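The values are calculated or read from the model by the stated rules, or taken from the named source; none is laboratory data. Given the structure is predicted, the values throughout are model-derived calculations rather than measurements. For neighbour counting, all protein chains shown are included, and Cβ atoms are generated from backbone atoms with ideal geometry for every residue, glycine included. Please note that ligands, DNA and RNA were not included when accessible areas were found on the heavy atoms of the full protein model with its side chains. Shrake-Rupley method; radii C 1.70, N 1.55, O 1.52, S 1.80 Å.
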Amino acid sequence: MSATPLPSSGRSPLDGPKTCDASGMIEIHRLFRHSFDEAPALIEGVAEGDTAHAAAVASQLTMLSTALHGHHEGEDARLWPVLDERAPSCALHVERMREQHAAMLVQLNALDAALPAWREHPSAVTAAPVQSALAGIRAALTEHLPDEEANIVPLMEHTITKQEVEWFAEHGRKSTPKGQTWYMLGAILASQPDGGGVWLKKNLPGPVQVMWRWVGAPKYQRFRAQVEGRAR
């Protein structure tokens with residue numbers, strides 16, 4: 001669905017002052033683009049019956065699915081109602097976001113349902129519904145993310161507060177499955193154009209950056225070796 005221009009009547013919120021920095025939304029979108037784009041090849045790389053390799057890939061995909069569920073649940077609960085109230089002239093955009101979320105939820109639920117069987121018995125047969133769901137997710141992301149970045153992120157920066165942006169960031173962190181914080185951080189960094197150096201300095205305090213280098217990064221690299229089938 002193509003983007004619909006704002007209604008001509010009513011004052012656009014973009015005419016007002018900037019109230020926050022919502023660039024973090026685009027940075028997290030990079031995670032979903034990069035990680036779901038590589039997912040089909042990761043599935044294909046698992047040999048039939050290799051349950052250890054399948055478990056690592058399934059863990060990665062479950063982490064991503066959980067994160068995307070949480071990302072959208074946060075927007076559904078705390079972003080769209082705020083935009084409805086503060087930016088009524090943008091109602092067409094907001095309603096389209098809700099519709100796109102609903103369509104993507106169908107595909108995410110299909111992935112969640114298909115992964116356990118493939119994880120336990122990896123084969124071409126059990127991989128087929130996983131790949132079908134991934135294709136659906138990637139198509140939905142291709143439609144949704146550019147639309148949201150073009151029409152919602154600028155709106156957020158003239159509508160919501162810094163404290164509200166921080167709530168979304170914290171909600172996203174809480175959506176990471178227990179024990180996978182370093183893996184999620186590694187995936188975020190790997191998806192950034194420069195490999196994550198700018199993101200690291202922008203978003204994490206010095207002590208956590210040091211912990212990443214000495215603790216988190218080695219754990220992430222070991223996990224990636226398992227996901228890519230290099231850990232033998």
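Scanning segment 1-28 for residues that are farther than 19 Å from I160 by Cα and either of a type in the set (A, V, I, L, M, F, W, C) or at pLDDT 95 or above (or both) turns up M1, A3. Exactly one residue out of A67, A39, A55 is touching a Gly at 6+ places or on another chain (Cβ under 8 Å), at pLDDT 95 or above and farther than 17 Å from M156 by Cα, and it is A67. The set of residues from segment 186-198 being over 12 Å from the mean Cα position of the chain (by Cα) and part of a helix (DSSP H, G or I) comprises G186, L189, A190, G197, V198.
Applying the condition of being surrounded by fewer than 19 Cβ atoms within 10 Å (Cβ to Cβ) and among the basic types (K, R) to segment 92-141 and asking which residue is nearest to the chain's Cα centre (by Cα) yields R138. Here F168 meets each of (1) buried (at least 16 other Cβ atoms within 10 Å of the Cβ); (2) under 30 Å from E95 (Cα atoms); (3) modelled with pLDDT of 95 or more with one exception, condition (3).
Each row is one residue, and each column tells you yes or no for (1) aromatic (F, W, Y); (2) closer than 20 Å to T66 by Cα.
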| position | (1), (2) |
| --- | --- |
| V125 | no, no |
| A128 | no, no |
| M156 | no, no |
| K162 | no, no |
| W167 | yes, yes |
| G179 | no, yes |
| P205 | no, no |
| V208 | no, no |
| P218 | no, no |
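In this structure, L155 qualifies as part of a helix (DSSP H, G or I), buried (at least 19 other Cβ atoms within 10 Å of the Cβ) and either in contact with a Pro (Cβ under 7 Å, 6 or more places away or on another chain) or at pLDDT below 95 (or both). On the given criteria, is P17 buried (at least 16 other Cβ atoms within 10 Å of the Cβ), out of contact with any Leu (no Cβ under 7 Å at 6 or more places or on another chain) and in a loop (DSSP other than H, G, I, E, B)? Here the answer is no, as P17 does not meet what is asked. Within segment 195-232, can you find the residues that are of a type in the set (S, T, N, Q) and modelled with pLDDT of 95 or more? Correct list: Q209, Q221, Q226. For segment 31-60, a tally of residues being over 11 Å from the mean Cα position of the chain (by Cα) and either aromatic (F, W, Y) or assigned to a helix (DSSP H, G or I) (or both) returns 18. Kindly establish whether L145 is over 16 Å from the mean Cα position of the chain (by Cα), under 30 Å from V46 (Cβ atoms), in a helix (DSSP H, G or I) and aliphatic (A, V, I, L, M). Spelling it out, it is not the case that L145 is over 16 Å from the mean Cα position of the chain (by Cα), under 30 Å from V46 (Cβ atoms), in a helix (DSSP H, G or I) and aliphatic (A, V, I, L, M).
Here T176, T161 are screened, and the one residue that is of a type in the set (S, T, Y) and over 21 Å from A56 (Cα atoms) is T161.
When the residues of segment 172-182 are filtered to those that are assigned to a helix (DSSP H, G or I) and out of contact with any Ser or Thr (no Cβ under 9 Å at 6 or more places or on another chain), the one that is most open to solvent (accessible area, probe 1.4 Å) is K174.
Yes or no: V106 touching a residue at least 60 places away in the same chain (Cβ under 8 Å) and not aromatic (F, W, Y)?
Spelling it out, it is not the case that V106 is touching a residue at least 60 places away in the same chain (Cβ under 8 Å) and not aromatic (F, W, Y).
Looking across segment 45-72, just one residue is touching a helix residue (DSSP H, G or I) at 6+ places or on another chain (Cβ under 8 Å) and among the acidic types (D, E), and that is E48. Against the test of being assigned to a helix (DSSP H, G or I) and farther than 30 Å from V227 by Cα, the options M97, M104 yield a single qualifying residue, M97. The set of residues in segment 183-228 that are crowded, with 19+ Cβ neighbours inside 10 Å, under 29 Å from A52 (Cβ atoms) and of a type in the set (F, W, Y) comprises Y183, W212, Y220, F223.
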